[in-house]
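Nothing in this text is a laboratory measurement; each read-out follows from the coordinates by a stated rule. Because the structure is a prediction, the values reported are computed rather than measured. Glycine gets a Cβ as well: all are built from the backbone with ideal geometry, and neighbour counts include every protein chain shown.
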Amino acid sequence: MNSQQKFDHALSMQPFAKREDIPVFPHTCTFAAVVAGVTQADIFRGNDAWMDAYKKCCDVVGYPDVAFPLGPKTVTYIEQMKVRIPGRELGENELFQFIEEPIMQESDYDLIVEKGFGAWQTPFVASIQNPPFKGPFLKFKVLKGFIGCGMEVKKNKKFWDSKNIPLMFHSGTAPAFDTFSMSRGMGEFCCDLYDCPEKVKAACEAATPEIIKTGITGVKSAGGNRIAIFAMRSSATFISTDMFEEFAWPYLKQMILGFYEAGIVSVVHCDGNWLPMLPYFKELPKGSCIIELDGATDIVKAYEILKGYQIIRGDVPPTLMAFGTPEEVTAYCNKLIDMGMEGGFILGTGCEVPLNCKVENLKALIDSVRRNP
Amino acid sequence: MSILVEISEALQKGKKKLVVQYVQQALEEGVAPQQILNEGLLPGMDVVGQKFKNNEVFVPEVLVAARAMNAGAELLKPLLAEAGVGTPGKMVLGTVKGDLHDIGKNLVKMMVEGKGIEVIDLGVDVSAEAFVEAAKEHGADIIGCSALLTTTMPVMAEVVKAVEAAGLKDKVKVMIGGAPVTEEFCKSVGADYYTADAASAAMVAAEILK
Ligand code: B12
């Protein structure tokens, strides 16, 4: 099987015949620079510089079966968070840093209900840019940013298509609950859930259809069929299943279903402990999501719950990649491979490979599916 | 139900206004401020801490409980100061240099304060020198360091060294934590204490100050 076939097979959730058929996806968006011998500032300059580094990294450690679609600069745009940039606010070779600042006000929930999500989101996205977008035509500038991301993915996709390697996703979005949490700030937002729960829910309800619409536009403009959903605050690392059921799940479900109807698979990025939340994903059409775990969720239990329902990607933890030995990485991967042979599994790193990962460890991860133990 | 139990229960539910109302009522009834703190507010926070540790409650529940506790404690502060009641000790707390994750650190702060211990919060991105400077300035008994990144964990070793270099080794205990930190790592850098969660951090801190 080539990489595309392996990936399609994983999505079909049929059992794998051989361990080599399990697709492998190390998330090396920023680590690529380390292997390529360039700085974080270099790959933040633009898509071409990043793609050069990514290809060099693949030449050294081996090509993945699934590729990461966009460079760090574009990632920071679609994740819609304020960011400190390497070579500017940070040292040349430091990782970019998302920062969380309480920018959203309590009154913004009402604004969203009355005037729509865009009325809040446009000035918000403009204000968190570094430097901020200013002047007239803000809406146009923000939209142009999103379309620009789509164009970049489209361009990168051409390269990967020529190698029969699929992209993990083609655009990205976040549920209203998580966006509000990150732009209100954790403390304020938690108090809102107690002080004005109805307002929060009304705003989530008003925002979700617009989020779905924009998401579909993004994916289509890249010529793709998968969307990343960064649900960074909906896990049991932060909230109870009661709260999940009340504030997060109804809208996350609505999103996944909305995308599914448009022929789009949701790649739900599940950092933190999602175990108690996973049974809810059985309510969705089979194969409508890829669940990305980062090591904080017990992946064996997760697989047990979702097997035959949704696809799981994970989850070699960043601490193992940084501090472990290649033998330890191989052993960890072998366990995952044994588990995943029943189907619907993509071997990957827990979230992103940290910058202090050992190159041998990354090689060990990629080789683990390709070499018999 | 005694007023102190009412305070504790309202706190556990995160009912800030009720806590303030009950604390006022208790004061009017002539209950000593120290007793309100030690038998009302702090035990309430203790229950929340235990439940958090056992995954019975989550971050929002802790945050609103801490908010209620602080509102109640605010009323007591001037009275406790007047009565000359001190805290059992002080902790300087922060997230280490290069690291901006502060949700866990803030929970540690709330829980430690829930033991009546004074916490000097240095925020995020704190250098080893800044930890030691603050510990000297405030006469702290404990330095608490949080790190969530594998790349910033080594700063904790620097803190331990800086404490030694400043000759504070016997006076100040270094406590470390954060998702990627382990007991093993704690030993390897020579820090004094590690705990996996905020409620245990508070328990250990209280133990140290006994
Ligand atoms: C929320 C989050 C963020 C938020 C932080 C918001 C904030 N204000 O804190 C944002 C989005 C800003 C963020 C940014 C980044 N993050 Co982040 N983030 C997380 C996430 C999802 C949860 C962390 C959290 O808050 N947990 C909840 C709290 C309650 O748990 P906790 O912190 O562990 O604390 C508990 C205990 O550890 C203990 N404790 C904590 N501190 C202390 C201190 C002492 C003294 C003691 C005794 C105990 C103790 O008590 C707490 C309560 O019980 C984790 C995922 C994960 N699996 O952990 C990633 C994660 C930590 N982030 C990660 C990364 C890579 C980043 C970024 C580099 C991404 C980027 N390129 O921008 C930046 C780094 C910015 C920086 N320089 O710090 C990686 C780290 C990987 C690595 N290298 O080690 C993780 C693990 C995600 C992943 N799987 O890849 N992140």
Trypsin sites (Lys or Arg not before Pro) within the range A:38-99: which are DSSP loop residues with at most 14 other Cβ atoms inside 10 Å?
-> A:Arg88
What FRET efficiency, computed as 1/(1 + (r/R0)^6) with R0 = 25 Å and r the Cβ-Cβ distance, is obtained for A:Arg371 and A:Ser12, rounded to the nearest 0.05?
-> 0.50
Could the peptides B:180-189, B:46-55, A:344-353 be put in order, highest first, of the mean number of other beta-carbon atoms found within 10 Å of their residues?
-> A:344-353, B:46-55, B:180-189
Return the aspartates and glutamates within reach of B:Lys161: Cα separation strictly under 20 angstrom, same-chain partners fewer than 8 residues apart disregarded; answer none if there are no such residues.
-> B:Asp99, B:Asp125, B:Glu129, B:Glu133, B:Glu137, B:Asp141, B:Asp170, B:Glu183, B:Glu184, B:Asp192
Roughly how tilted is helix B:3-12, in degrees to the nearest 10 and between 0 and 90, from the longest Cα axis of chain B?
-> 50
Given charges at beta-carbon only (K, R positive; D, E negative), |dipole| of the protein assembly as shown in Debye = 1860
When you look at the Cβ of every residue in B:89-102, what mean number of other chain Cβ atoms sits within 10 Å?
-> 1
Which lysines does A:Lys307 reach when only Cα atoms under 20 Å apart count, and residues fewer than 8 places away in its own chain are ignored?
-> A:Lys6, A:Lys18, A:Lys253, A:Lys282, A:Lys286, A:Lys335
Taking the Cβ-Cβ separation of A:Glu328 and A:Thr217 as r and a Förster radius of 60 Å, what is the calculated FRET efficiency to the nearest 0.05?
-> 0.85
So in the protein assembly as shown, what percent of DSSP beta bridges are antiparallel if you round to the nearest 5?
-> 5
With only helices counted (DSSP H, runs n ≥ 4, each -39500 (n - 2.57)), the per-residue ellipticity at 222 nm for chain B, to the nearest 500, works out to -17000 deg cm²/dmol
Nitroxide proxy distance, nm - points 7 Å out along Cα→Cβ at B:Asn70 and B:Glu133 | 2.5
What shape does the range B:37-131 take by its C-alpha gyration tensor, where a ≥ b ≥ c are the square roots of the eigenvalues and a/c under 1.5 counts as rounded, a/b above b/c as prolate, and the rest as oblate?
-> oblate
Value at 222 nm in deg cm²/dmol, rounded to 500, when DSSP H runs of n ≥ 4 in chain A each add -39,500 (n - 2.57) | -15500 deg cm²/dmol
Residues of type aspartates and glutamates that A:Lys144 reaches as a straight line, Cα spacing below 20 Å, ignoring anything fewer than 8 places off in the same chain = A:Asp48, A:Glu79, A:Glu152, A:Glu210
Partner shielding of A:189-197, as the mean number of partner chain Cβ atoms within 10 Å, equals 4
Among the listed pairs A:Lys115/A:Lys155; A:Lys199/B:Lys13; A:Lys157/A:Lys201; A:Lys157/B:Lys105, those beyond 29 Å (Cα-Cα) = A:Lys115/A:Lys155; A:Lys157/A:Lys201; A:Lys157/B:Lys105
Chain A, relative contact order [Cα under 8 Å, separation at least 6], % | 21
Residue list for the range B:86-121, given a label point 7 angstrom along the Cα-to-Cβ vector of A:Ile99 and an amide N cut-off under 20 Å | B:94-106, B:121
How far apart, in nm, are two points set 7 Å out from the Cα along the Cα-to-Cβ line at A:Tyr260 and at A:Met339?
-> 2.4
Please give the residues of the range A:87-127, grouped as numeric ranges, whose backbone N is less than 13 Å from a label point set 7 Å along the Cα-to-Cβ vector of A:Lys134.
-> A:127
Chain B: relative contact order as a whole-number percent, Cα under 8 Å and 6+ apart = 19
Quick calc, the range B:3-82, dipole around Cα centre from Cβ unit charges on Lys, Arg (+) and Asp, Glu (-), nearest 20 debye, gives 360
Which shape class, rounded, prolate or oblate, goes with the range B:148-210 when its Cα gyration tensor gives a ≥ b ≥ c as root eigenvalues, a/c under 1.5 marks rounded, and past that a/b bigger than b/c marks prolate?
-> oblate
Counting pairs of alpha carbon atoms under 8 Å apart in space and at least six apart in sequence, what relative contact order in percent does the range B:90-209 give?
-> 31
Once phi for every residue in the range B:17-30 is put through the Karplus expression 6.51 cos²θ - 1.76 cosθ + 1.60 (θ = phi - 60°), the whole-Hz ³J(HN,Hα) values, with Gly and Pro written as x, are 4, 5, 4, 4, 4, 5, 5, 4, 4, 4, 4, 4, 6, x
Could you state the number of Å between the C-alpha centres of the range A:301-349 and the range B:47-95?
-> 40
With a ≥ b ≥ c taken as the square roots of the eigenvalues of the C-alpha gyration tensor of the range B:90-209, please select rounded if a/c is under 1.5 and otherwise prolate if a/b is larger than b/c or oblate if it is not?
-> rounded
